[in-house]
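What follows is one structure encoded as structure tokens, with my remarks underneath.
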Amino acid sequence: MPFNLPIFLTWLRIVAIPLLIAVYYVPDGWLYGHSRDVAATVLFCAAAITDWFDGYLARKLNQTSAFGAFLDPVADKLMVAAALIVLVQLGRTDVIIATIIIGREITISALREWMAQIGAHRSVAVSMIGKIKTTAQMLAIPMLLYYTPLAGLDMKETGTWLIYIAAVLTLWSMGYYMRMAWPEIVKRERHL
């Protein structure tokens, strides 16, 4: 298993997951009230920044690896899933929204893995709609973690709208990826 700076940053993202959850379970003497939300927001935002930074460094330092390419999306999906579960528990988003987003991530990850195994990975390459979905989601989650107004912006309302937009785009992008993969799926079924 290779170890370099980009992979270290990816591991930091994975380590941040239990910390994000623990923020809401530590004794009141350590963190209380809104300070829990601030800590969770900072952890999530720091993790999101390392997501961009590790990919940039891997390319810049020529430290890309198969292990890094595997671990990076796993870390991203685990962080988003953990944050969504926390938001559901806090009553800040609906179970159906979390289920749609997490379910789509599992479905598309499995689809991409299968398509790569059959040599058709380009059929499910990242699309613009997927990037827009990710942007909406990555803005919504810290807003919903923070939850109280900030600099005149209603984080709760804006975050709620963005997470609903992300859920709609999630379904749309999943449909897009499935449509792109469908010819390969049909072709493989005919050969069985």
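Quick notes
- All positions within the stretch 23-48 that are of a type in the set (A, V, I, L, M) and either part of a helix (DSSP H, G or I) or under 23 Å from Phe8 (Cβ atoms) (or both): Val23, Val38, Ala39, Ala40, Val42, Leu43, Ala46, Ala47, Ala48
- Met143 touching a strand residue (DSSP E or B) at 6+ places or on another chain (Cβ under 9 Å), in contact (Cβ under 8 Å) with a residue 12 or more places away in the chain and under 23 Å from Leu20 (Cα atoms): yes
- Comparison of Ala47, Ala66, Ala58 shows that the only residue that is among the small types (Gly, Ala, Ser), in the same structural domain as Leu31 (by TED's automatic domain parsing) and exposed (fewer than 15 other Cβ atoms within 10 Å of the Cβ) is Ala66.
- When Ala151 is tested against (1) surrounded by 12 or more Cβ atoms within 10 Å (Cβ to Cβ); (2) out of contact with any helix residue (DSSP H, G or I) (no Cβ under 7 Å at 6 or more places or on another chain), only condition (1) is not met.
- Against the numbered list (1) modelled with pLDDT of 80 or more; (2) surrounded by fewer than 18 Cβ atoms within 10 Å (Cβ to Cβ), Ile97 comes up short only at (2).
The values are calculated or read from the model by the stated rules, or taken from the named source; none is laboratory data. Only a predicted model underlies this, so the values are computations on that prediction, with no experimental measurement involved. Glycine gets a Cβ as well: all are built from the backbone with ideal geometry, and neighbour counts include every protein chain shown.
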